[in-house]
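Worksheet: the structure to be examined is printed underneath.
The values are calculated or read from the model by the stated rules, or taken from the named source; none is laboratory data. What you see is a predicted model; the values in this text were computed from it and never measured. Here Cβ is always computed from backbone atoms with ideal geometry, including for glycine, and neighbour counts include all displayed protein chains.
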Amino acid sequence: MAQPVTDPAAAKSTGMDVSLEHIVKAYGEHVVLDDVSLSVREGEVCAIIGPSGAGKSTLLRCINLLERPDSGTIRVGDTTIDAGQEVGGKQLHGLRRQVGMVFQSFNLFPHLTVLRNIALPQERVLGRSRAEAEDRAMELLQRVGLGDKPAQYPSRCSGGQQQRVAIARALALDPKVMLFDEPTSALDPELGLEVLAVMRELADEGMTMIVVTHEMQFARDVSDHLIVMGHGTVLEEGQPEKIFTDPATDRTRRFLRAVLER
Amino acid sequence: MTVLQDWLGFLPQLASGLWVSVVVCLAAIVVGLPLGLALALGSSAGSRALRWPAIAVVEIGRGAPALVVLQVFYFGLPSAGLTLSSTMAACLALALTTAAYTSEIIRGGLQAVPRGELEATEALGMSRPDALRFVVIPQGIRVAIPPLMGFGVLIFQATSLAYTIALPELLGRAYSIGSSTFQYLSVLALAGLMYAAVTIPASLLTDRVERRMSRHLA
């Protein structure tokens, strides 16, 4: 389902575009991201794949500044941040308002019910009333197929359910871009499918999505734009189908063979 | 059965002493615990201006024996122009000790909250104070409750130190009965039993709460 060059997804888009320019990040001597640039159009689904240690998650975490790059520029919609400069609280808040994130380990708040997990950030960040926030939370729970779970605590939910709650929690803040950091890696394959189904639906609605994943099927079928990373750089990028059938670099070929032939 | 008869005779005075001990202990906890939370937050704060004074108070409060703090408050402060009643001095001195020790217990609890949840609050755009108030503190306190209850038992026992500043608490009463009747063994034994009558149920309760909490975490 590769997208043509003139992207119809953008027409029905609910998202914003994202671009990263010349991102550099090192931990001491170890360079994790070596001058990485990337641009994701409005409404596009961008999948980032590659061997572990390639810097995929670090790159993703740079987009909402959970990880602070040493230098480079991050732009989301019309918020631009120069990572080399001091970032003000207001600027940081402005950036994070636009960007939702889903983690590998869900990171739900275990002392709150599913409903409160989704409602609390809306109340504190957007100033919604409790009733308003909980209405919105219920609506999203229904959308991710968990309309019967609002009163449960996260520990009583399966991993797949927890991850769907985490997606609902992020969506409740009306982000323009969603980041997914290996959202199914901590899940049994079967439970992962529930999560992928929700993500697929979100993609169809035109959300701008950047997904670090080991789910090759998802990367191939759902993404419009595939990025293969290795050793802190982009090895290649382009149409997923083309990269899967005819990888341009040897490293990509070896990686794809390793993941596809298991 | 003269011992029991003696004990019945001692009981009214000792009971009023026990009451003083309990009140001082509760006052120390009521004042010390919020202060302990504040010190816990202060000593893990990013800003140095907050962190260093908090660490200093915690280290002094934990480093100095409770008996010394008590003596300083009662005998020392008057020379600095501040005279406190023995009850006030006992409450404040034990509150300081409580604050210093509980701050470390609470800090341990706060640190037990997984890093990922803090990242989630950041990614959601929640402010740092909100993250503390709604995510970190409620969970951290829950983890800290059993050790805090254990510390409560210790501070209750530490109220006996206040007999050195003439506070008529349980040990003070027992001592004064002993010095007028010379039945030290008998009256001190009864006082010891009365302390135990509070601490043993409290410790059992602590164990139960601890088991409950760990069951919840599993």
Practice task
Give the residue that is surrounded by the most Cβ atoms within 10 Å (Cβ to Cβ), with candidates limited to residues of the stretch A:205-262 that are among the hydrophobic types (A, V, I, L, M, F, W, C) and assigned to a loop (DSSP other than H, G, I, E, B).
Solution key: A:207
Practice task
Having 3 or more residues that are modelled with pLDDT of 85 or more, more than 21 Å from residue A:247 (Cβ to Cβ) and not β-branched (Val, Ile, Thr) is the bar; report the strands (runs of 3 or more DSSP E) wholly within the stretch A:1-57 that clear it.
Solution key: A:18-27, A:30-40
Problem - Residue check, residue B:83 more than 14 Å from chain A (Cβ to nearest Cβ), surrounded by fewer than 20 Cβ atoms within 10 Å (Cβ to Cβ), of a type in the set (Ser, Thr, Tyr) and in contact (Cβ under 8 Å) with a residue 40 or more places away in the chain - result: no
Handout entry: Filter result (closer than 26 Å to residue A:196 by Cβ and within 9 Å of another protein chain (Cβ to nearest Cβ)) within the stretch A:83-101
Key = A:96, A:99, A:100, A:101
Handout entry: Set A:61, A:136, A:124: member being out of contact with any Gly (no Cβ under 8 Å at 6 or more places or on another chain), within 10 Å of chain B (Cβ to nearest Cβ), in a helix (DSSP H, G or I) and farther than 23 Å from residue A:20 by Cβ
Key = A:124
Exercise for the section: For the stretch A:203-222, state whether one or more residues are closer than 28 Å to residue A:77 by Cα and among the aromatic types (Phe, Trp, Tyr). Expected result: yes
Completion exercise
Selection from the stretch A:115-139 of residues within 24 Å of residue A:192 (Cα to Cα) and under 21 Å from the mean Cα position of the chain (by Cα) yields A:117, A:118, A:137
Problem - residue B:54 being farther than 19 Å from residue B:154 by Cβ and modelled with pLDDT under 95 - result: yes
Practice task
Determine whether residue A:130 is at pLDDT 95 or above, out of contact with any His (no Cβ under 8 Å at 6 or more places or on another chain) and of a type in the set (D, E, K, R).
Solution key: yes
Exercise for the section: For residue B:9, indicate whether it is part of a helix (DSSP H, G or I) and not aromatic (Phe, Trp, Tyr). Expected result: yes
Practice task
Considering each residue of the stretch A:165-192, count those that are more than 12 Å from the chain's Cα centre (by Cα), more than 13 Å from chain B (Cβ to nearest Cβ) and assigned to a loop (DSSP other than H, G, I, E, B), and give that number.
Solution key: 3
Practice task
Could you list, in sequence order, all residues of the stretch B:93-148 that are over 25 Å from residue A:179 (Cα atoms), buried (at least 20 other Cβ atoms within 10 Å of the Cβ), among the small types (Gly, Ala, Ser) and within 14 Å of chain A (Cβ to nearest Cβ)?
Solution key: B:109, B:140, B:144
Practice task
Please verify whether the stretch B:177-191 includes one or more residues that are in contact (Cβ under 8 Å) with a residue 60 or more places away in the chain, at positive phi and not in a helix (DSSP H, G or I).
Solution key: no
Handout entry: Total residues in the stretch A:93-113, condition under 18 Å from residue B:114 (Cα atoms) and part of a helix (DSSP H, G or I)
Key = 0
Practice task
Report yes if residue B:61 is out of contact with any Gly (no Cβ under 8 Å at 6 or more places or on another chain) and either closer than 30 Å to residue B:135 by Cα or modelled with pLDDT under 95 (or both), otherwise no.
Solution key: yes
Handout entry: Filter pass, residue A:170 being under 30 Å from residue A:126 (Cα atoms), surrounded by 18 or more Cβ atoms within 10 Å (Cβ to Cβ) and touching a residue at least 40 places away in the same chain (Cβ under 8 Å)
Key = yes
Exercise for the section: Within the stretch A:121-132, identify whether any single residue is among the basic types (Lys, Arg), free of Cβ contacts under 8 Å to residues at least 40 places away in the same chain and surrounded by 17 or more Cβ atoms within 10 Å (Cβ to Cβ), and answer yes or no. Expected result: yes
